[in-house]
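Here the structure is laid out as structure tokens; the discussion comes afterwards.
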């Protein structure tokens, strides 16, 4: 696969509006996004449309990307940190067909990055937008399924339930048991679900120079973190949030700072490789060890 | 040497080719045509139109063919198509009292104005497999086209009851506010009745059936009677801005069910029967009837009936009823989740290590008490 | 100068939509509750006492009448016009509500310690160690075995669940506690000990309490004053001893005389 496919923006395929959605829908989504950016971490309901990919497979992220993407953008799509997983391939093809814009696997070259379940290891900059695919936008849903109720809890800044969950974890396991989708407090106000990224990635959200947008298509909510916003993982004073090292290095590039996938290779040996394929490729090409 | 997995795109292409072959099946067998599906699998076409909230029998038949007969996949195709269609506006409310009725039954009267019109239904058949159909025998028609197409308006069975004040009146809410459009606006719970009726109308039939059935089995029993259940065609009229009279743009077939339910009264109002309502595209009596049971259960706050039962809870019944959403999210578990799983593995290994450590420490302590040591020395 | 009441109810009336004969569940109820005072509302089932309690708690919006509460800052609040948010805040700080069925008043899916600590966490307390200490402390005060601090309420007996519910409510030192049949459904001996506990806590903490009960013995033991309800109306009220020993209304006389003395 080419690192960067430059179609010179050939435009959308026949019969499609640019990025599939009609202009009114895009405007509706942008208005919702503006509201979301103005109230960091607050879930804004929006009229999610049926998309040609199934609910639960990224329709929220796709609608957000479709609403903001322009002819001069360069798009990167990753799932589990990789550009080559089936979901990432499917979504990248969807945008290639409906926009004709340039796509890339290189984080630095992308202006819009749509992601499922990971934040890229390469620090993002202020010319970039990170669009997260979110399955369940409501951080309190496991404790309170009713939306009518959680709406009131957020409005009243009543997050007792969230703290109760953390207390229980510590009482039972001596650790917080939440290893992914670890709830965060945004700009000191709203508690937000960062989507099922590993808690390893949580610190990256804090004061990130890039704009972070979150889309939940099936649940019909979107939310946002403006650049350079405080994002703090929930914890107790005497049990602070900590990122645990996996204790291994990447077999391919030697990295000890990136999130690693555990893989059983053809010989039956357990090895560790960077989940972020672009990061790993980068390090290897710098070290002159690309295969 | 470990080679990172590549070639996801090629694998996807191959999968698509396999699907196309599976859809076609044995090429020695004639390919189904869309008109065949439309004409001869009419009830499936109706269900797909209902759950896609798009009335177009030809497109529904095409979706069924493309989806290899899977009704939820077909509804999904049709809904995705619906998203791309331009919207000119809203029609006037359909008048089901003016319906050209092909079938109408009422369980609350032995006979009534207009009569019991049996129409085409499985209700009076015996469910015996007809092997003649397998051989390709088609029975000679015993019905003339004139009879086949015969339909006329019938007065609603509840009209008399309503005139006497025995059943609650059907009136718009104060101020006659515009209903929300649940295909455009996200739901905000608790929804007003027009909102939940829309969601039920396009909800998965199996789910609504189960919910309706639950009320009959005691989970919020509402004492239902089949007041007027009818199927036929209704005219669609729009009111263009330039004209001040409505213009008929066509007609569609719908099935409507008006249930008569548990009566109630208060200091202000003498006892009256209450209503439950169901409406679907095409011929779908099961769905319309189940919908009317659930509608009445969801009205429980109006009558101070509480919400102990699932069918009385909006947030239980409505979001989970959308077949396309439910199918997507349940099946999304097939997508890679190995990153989140890895973080779980990390934690569980750590916890197990701690348990093992504690057990070892305890065993060590137990070993080293003077009594134990003395015993071992002895 | 006589002290100001903590709570006043004036002309409270409420009808349920499905009522057959249009009779109100609560008709023209009026009462006042003073600081550090316990008032019992007694009556048979269907008398409207629970409905009255739920109206006072803001859980039911009554058709007519006035409910006013004087908060910790000495402001009079109209319970009927409180915003949802204000009502929720009050019910987690200055008010407590002990449910008849502990399952309705506890989080059955979290541990005893978490149940007790929840209100404190809601007030912003974020030190795990200190939260746990307070949970231990309260478990001692309600005579629950502190070894069970991490156990789920599922494994607790009815009496233990009620003690847990009481701890959960009292941890924020509320000024007003509403109790709906707090001891019914429990064994007689368990009831007796629980009533003793409630009496001790209420007097030590100078709580005001409104206790709904069908059991005159509960009123006798806990309440300074007693209201008797029948078919939605308060037919008699006064000092508990006076109402029970010298009932004036015919219905009260009937109630009192039908109590089986052990």
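The values are calculated or read from the model by the stated rules, or taken from the named source; none is laboratory data. Worth saying up front: this structure is predicted, and the values here are computed from it rather than measured. Note that we place each Cβ from the backbone using ideal geometry, even for glycine, and neighbour counts take in every protein chain shown.
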- Message: For residue C:231, only one of the following conditions fails: (1) surrounded by 21 or more Cβ atoms within 10 Å (Cβ to Cβ); (2) in contact (Cβ under 8 Å) with a residue 60 or more places away in the chain. What is its number?
- Response: (1)
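Per-residue answers, yes or no, for (1) in contact (Cβ under 8 Å) with a residue 24 or more places away in the chain; (2) out of contact with any helix residue (DSSP H, G or I) (no Cβ under 8 Å at 6 or more places or on another chain); (3) more than 26 Å from residue B:312 (Cα to Cα); (4) not assigned by TED's automatic domain parsing to the domain that holds residue B:52:
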| position | (1), (2), (3), (4) |
| --- | --- |
| B:217 | no, yes, no, yes |
| B:224 | yes, no, no, yes |
| B:232 | yes, yes, yes, yes |
| B:237 | yes, yes, yes, yes |
- Would you check which residues across region B:259-282 are more than 14 Å from chain C (Cβ to nearest Cβ) and crowded, with 24+ Cβ neighbours inside 10 Å and list them? B:259, B:260, B:276, B:278, B:280, B:281
- Message: With the condition being within 22 Å of residue A:51 (Cβ to Cβ) and in the same structural domain as residue B:78 (by TED's automatic domain parsing), I'd like the helices (runs of 4 or more DSSP H) fully within region B:4-61 carrying at least 1 qualifying residues.
- Response: B:8-24, B:42-52
- Query: List, please: which pairs have Cβ atoms under 8 Å, are six or more places apart or on different chains, and start with a residue in region A:237-264 that is within 14 Å of chain C (Cβ to nearest Cβ) and modelled with pLDDT of 90 or more and end with one that is outside any strand (DSSP E or B) and loosely packed, with under 15 Cβ neighbours inside 10 Å?
  - Reply: A:237/C:127; A:238/C:127; A:238/C:129
- Item | Single match in A:49, A:30 (criterion: surrounded by fewer than 19 Cβ atoms within 10 Å (Cβ to Cβ), within 21 Å of residue A:224 (Cβ to Cβ) and touching a helix residue (DSSP H, G or I) at 6+ places or on another chain (Cβ under 7 Å)) | A:30
- Among the numbered conditions (1) modelled with pLDDT of 90 or more; (2) over 19 Å from residue B:97 (Cβ atoms), tell me where residue B:155 comes up short. (2)
- Tell me, yes or no, whether region A:156-175 has at least one residue that is over 27 Å from residue A:51 (Cβ atoms), buried (at least 21 other Cβ atoms within 10 Å of the Cβ), more than 9 Å from every other protein chain (Cβ to nearest Cβ) and over 21 Å from the mean Cα position of the chain (by Cα). no
- Query: What is the one condition in (1) away from chain C (no Cβ under 14 Å); (2) surrounded by 21 or more Cβ atoms within 10 Å (Cβ to Cβ) that residue B:220 does not satisfy?
  - Reply: (1)
- Answer yes or no: is there a residue in region B:347-356 that is surrounded by fewer than 22 Cβ atoms within 10 Å (Cβ to Cβ), more than 11 Å from chain A (Cβ to nearest Cβ), in a helix (DSSP H, G or I) and touching a residue at least 40 places away in the same chain (Cβ under 8 Å). no
- Message: Given (1) closer than 29 Å to residue C:217 by Cβ; (2) touching a residue at least 12 places away in the same chain (Cβ under 8 Å); (3) surrounded by fewer than 20 Cβ atoms within 10 Å (Cβ to Cβ), identify the lone condition not met by residue C:59.
- Response: (2)
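Out of all the residues in region C:89-106, which are within 14 Å of chain A (Cβ to nearest Cβ) and buried (at least 18 other Cβ atoms within 10 Å of the Cβ)? Steps first, answer last, please.
Kept after step one, since they are within 14 Å of chain A (Cβ to nearest Cβ), are these residues of region C:89-106: C:89-93, C:106.
Within region C:89-106, C:90, C:91, C:92, C:106 qualify.
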- Task: Select from region C:7-30 the residues that are surrounded by 15 or more Cβ atoms within 10 Å (Cβ to Cβ) and at pLDDT 90 or above and list them in ascending order.
- Result: C:7, C:8, C:9, C:12, C:13, C:14, C:25, C:26, C:27, C:29
- Residue by residue through region A:235-260, note down the ones that are crowded, with 20+ Cβ neighbours inside 10 Å and outside any loop (DSSP other than H, G, I, E, B). A:236, A:260
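Would you call residue B:81 under 28 Å from the mean Cα position of the chain (by Cα) and under 29 Å from residue B:191 (Cβ atoms)?
Values: under 28 Å from the mean Cα position of the chain (by Cα): yes; under 29 Å from residue B:191 (Cβ atoms): yes.
For residue B:81, the condition - under 28 Å from the mean Cα position of the chain (by Cα) and under 29 Å from residue B:191 (Cβ atoms) - is met.
For residue B:367, state whether it is within 14 Å of chain A (Cβ to nearest Cβ), free of Cβ contacts under 8 Å to residues at least 12 places away in the same chain and surrounded by fewer than 22 Cβ atoms within 10 Å (Cβ to Cβ).
On the way: within 14 Å of chain A (Cβ to nearest Cβ): no; free of Cβ contacts under 8 Å to residues at least 12 places away in the same chain: yes; surrounded by fewer than 22 Cβ atoms within 10 Å (Cβ to Cβ): yes.
In short, no.
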- Considering every residue within region C:45-57, establish whether at least one is more than 14 Å from chain B (Cβ to nearest Cβ), farther than 26 Å from residue C:218 by Cβ and out of contact with any helix residue (DSSP H, G or I) (no Cβ under 8 Å at 6 or more places or on another chain). no
- Query: Would it be correct to say that residue A:20 is within 13 Å of chain B (Cβ to nearest Cβ) and either at negative phi or modelled with pLDDT of 95 or more (or both)?
  - Reply: no
